[in-house]
1. Do we find that residue A:116 is free of Cβ contacts under 8 Å to residues at least 60 places away in the same chain and part of a helix (DSSP H, G or I) in this structure?
2. So residue A:224 fits all but one of (1) part of a strand (DSSP E or B); (2) at pLDDT below 90; what number is the exception?
3. Quick check on my filter: what residues within the range B:216-238 are at negative phi, assigned to a helix (DSSP H, G or I) and surrounded by fewer than 19 Cβ atoms within 10 Å (Cβ to Cβ)?
4. Given A:204, A:208, which one is within 30 Å of residue A:45 (Cβ to Cβ), under 20 Å from the mean Cα position of the chain (by Cα) and surrounded by 22 or more Cβ atoms within 10 Å (Cβ to Cβ)?
5. Criterion first (out of contact with any helix residue (DSSP H, G or I) (no Cβ under 8 Å at 6 or more places or on another chain), within 13 Å of another protein chain (Cβ to nearest Cβ), over 25 Å from residue A:37 (Cα atoms) and surrounded by fewer than 21 Cβ atoms within 10 Å (Cβ to Cβ)) does residue A:136 satisfy it?
6. For the range A:60-104, what are the residues that are assigned to a helix (DSSP H, G or I) and more than 7 Å from chain B (Cβ to nearest Cβ)?
7. For the range B:98-128, enumerate the residues that are more than 20 Å from residue B:192 (Cα to Cα) and either at pLDDT 95 or above or more than 7 Å from every other protein chain (Cβ to nearest Cβ) (or both).
8. Residue A:24 is checked against (1) in contact with a strand residue (DSSP E or B) (Cβ under 8 Å, 6 or more places away or on another chain); (2) away from chain B (no Cβ under 12 Å) and fails just one. What number does that condition carry?
């Protein structure tokens with residue numbers, strides 16, 4: 001008991017994690033921290049090392065250097081948490097010959113103290129009607145639901161999800177997003193999610209890390225990351241040339257594009273769009289429309305990738 | 001230890017709901033029952049033919065005695081059992097790694113070594129249950145179709161029932177000893193290979209290759225556990241017992257071989273398990 005108290009409660013702390021496949025480095029001194037109660041999204045290009053990172057975290061494959069601590073324990077000791085840390089992998093990872101009900105009963109045997117019954121988690125994930133179906137006969141989406149259901153049997157404190165939205169229909173994605181939000185809000189469950197589905201992550205994540213070229217290029221609270229981004233302002237006006245001359249030189253304003261007739265694209269750094277509007281109107285420019293593009297996860301991701309693009313030779317076609 | 005217990009229970013749950021395991025449990029017993037019925041029908045046809053042409057020979061007397069058929073049934077059943085369970089042991093870990101189910105056990109219940117031991121314990125349990133069914137099936141079918149009794153020729157008792165029973169028990173015991181080693185070999189292959197298909201083909205391939213080529217090794221073959229198993233090229237003591245209980249008096253008992261039969265399999269089993277425990281630490285799951 002005293003040993004448990006001494007453990008670090010931080011769900012995940014990764015320091016200088018390095019991993020290579022042969023001579024090819026995949027992870028280069030990767031640092032990542034998931035705070036207690038956070039829903040942390042890990043995004044990256046195909047082949048950026050998201051799944052490798054997840055598998056190293058969970059002790060599924062060895063790493064060459066670095067330090068990983070999951071709630072105070074090393075990856076190979078995760079079982080000592082007895083179900084407080086669980087994972088849902090990119091493939092459903094279930095016994096194909098078992099039924100949904102048997103799969104959940106089997107998962108109960110793996111939990112030290114199941115906090116929910118198989119029937120309860122079936123209802124939570126909307127798979128009660130498939131209870132007697134064998135896993136091999138289920139669709140990918142329902143297999144993923146079953147995989148998530150078994151993870152929830154022991155009331156985990158930290159859940160690691162690798163590509164959780166793959167194979168889910170729109171309703172299934174909404175249900176999963178709601179479930180993650182509810183577990184995070186009501187039970188304080190921390191999450192680490194890796195996904196390509198940036199809009200879904202944006203809806204749900206409190207923290208984001210962008211994995212690029214084997215390193216975490218950007219990491220932090222979503223609001224802080226978005227505030228740090230330049231916002232774009234699209235100005236639809238009658239005289240782009242004059243408008244350009246007016247805004248040129250204004251502090252915090254940069255002209256991004258003026259090549260389209262009637263459209264001026266600006267990048268704003270802490271400048272209120274109302275100020276631009278006022279200046280242009282004062283000088284007699286007719287403004288037809290003013291559109292502010294809010295920073296998004298997609299723009300953040302694109303900005304990170306654009307600063308250090310992959311060489312053409314590394315792109316597999 | 002708690003983790004191992006939970007992993008063992010979870011693996012047992014999966015095995016009990018696995019059609020392949022259920023099939024392997026009854027397959028050797030059913031095979032020997034079907035074979036015994038076929039042999040009985042064939043014997044009856046031959047005896048009917050001979051009754052038309054003359055008296056009974058010594059072979060007929062020996063063939064109507066249940067002991068020889070019991071030993072044949074056990075020998076064939078154990079050959080099937082060891083081959084099928086080596087394949088099952090090879091499949092056990094590798095298939096769970098292929099479908100990813102192993103990962104949940106590692107994360108929630110026990111360490112990698114605990115899983116290997118839980119897998120081995122379950123396959124061992126399946127072998128034990130299969131062996132019991134095989135023993136019951138063989139004994140029942142031979143008792144139904146033939147009569148147990150001493151080997152008698154011209155009113156003279158060549159071998160008493162008690163002696164036969166003793167030899168059958170010894171032969172069976174010595175034939176069973178290498179089975180856990182064979183299962184441990186299957187588990188080692190399962191842990192070491194890249195996929196379930198590769199594991200099964202490798203385990204069966206090596207087992208059959210050793211069986212076929214063991215005669216090339218001469219007396220060194222007795223330092224391999226597989227030499228003591230009933231197999232396709234059978235050199236086990238049980239095959240000698242099969243001839244002994246049919247009244248062939250030329251069976252020579254090699255005491256050194258019996259001693260090796262007792263002492264070789266267990267250390268080899270421990271070596272295979274230790275190797276599997278080492279290999280599993282470095283495998284990607």
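The values are calculated or read from the model by the stated rules, or taken from the named source; none is laboratory data. The structure displayed is predicted, hence computed values, not measured ones. When we count neighbours, we look across all protein chains shown, and the Cβ atoms used for this are built from the backbone with ideal geometry, even at glycine.
1. Working: free of Cβ contacts under 8 Å to residues at least 60 places away in the same chain: yes; part of a helix (DSSP H, G or I): no.
For residue A:116, the condition - free of Cβ contacts under 8 Å to residues at least 60 places away in the same chain and part of a helix (DSSP H, G or I) - is not met.
2. Evaluating residue A:224 over (1) part of a strand (DSSP E or B); (2) at pLDDT below 90 leaves (1) as the failure.
3. Step one: of the range B:216-238, the residues at negative phi are B:216-217, B:219-238.
Applying the additional criterion that residues be assigned to a helix (DSSP H, G or I) yields B:216-217, B:219-223, B:225-228, B:237-238.
Scanning the range B:216-238 gives B:216, B:217, B:219, B:220, B:221, B:223.
4. Working: A:204 fails: surrounded by 22 or more Cβ atoms within 10 Å (Cβ to Cβ).
Matching residue, one of A:204, A:208: A:208.
5. Values: out of contact with any helix residue (DSSP H, G or I) (no Cβ under 8 Å at 6 or more places or on another chain): yes; within 13 Å of another protein chain (Cβ to nearest Cβ): yes; over 25 Å from residue A:37 (Cα atoms): yes; surrounded by fewer than 21 Cβ atoms within 10 Å (Cβ to Cβ): yes.
It is true that residue A:136 is out of contact with any helix residue (DSSP H, G or I) (no Cβ under 8 Å at 6 or more places or on another chain), within 13 Å of another protein chain (Cβ to nearest Cβ), over 25 Å from residue A:37 (Cα atoms) and surrounded by fewer than 21 Cβ atoms within 10 Å (Cβ to Cβ).
6. Going through the range A:60-104, the residues assigned to a helix (DSSP H, G or I) turn out to be A:75-81, A:100-104.
Answer for the range A:60-104, where residues must be assigned to a helix (DSSP H, G or I) and more than 7 Å from chain B (Cβ to nearest Cβ): A:75, A:77, A:80, A:81, A:100, A:101, A:103, A:104.
7. Once the filter is applied, which keeps residues that are more than 20 Å from residue B:192 (Cα to Cα) and either at pLDDT 95 or above or more than 7 Å from every other protein chain (Cβ to nearest Cβ) (or both), the range B:98-128 yields B:125, B:126, B:127, B:128.
8. Failing condition for residue A:24: (1).
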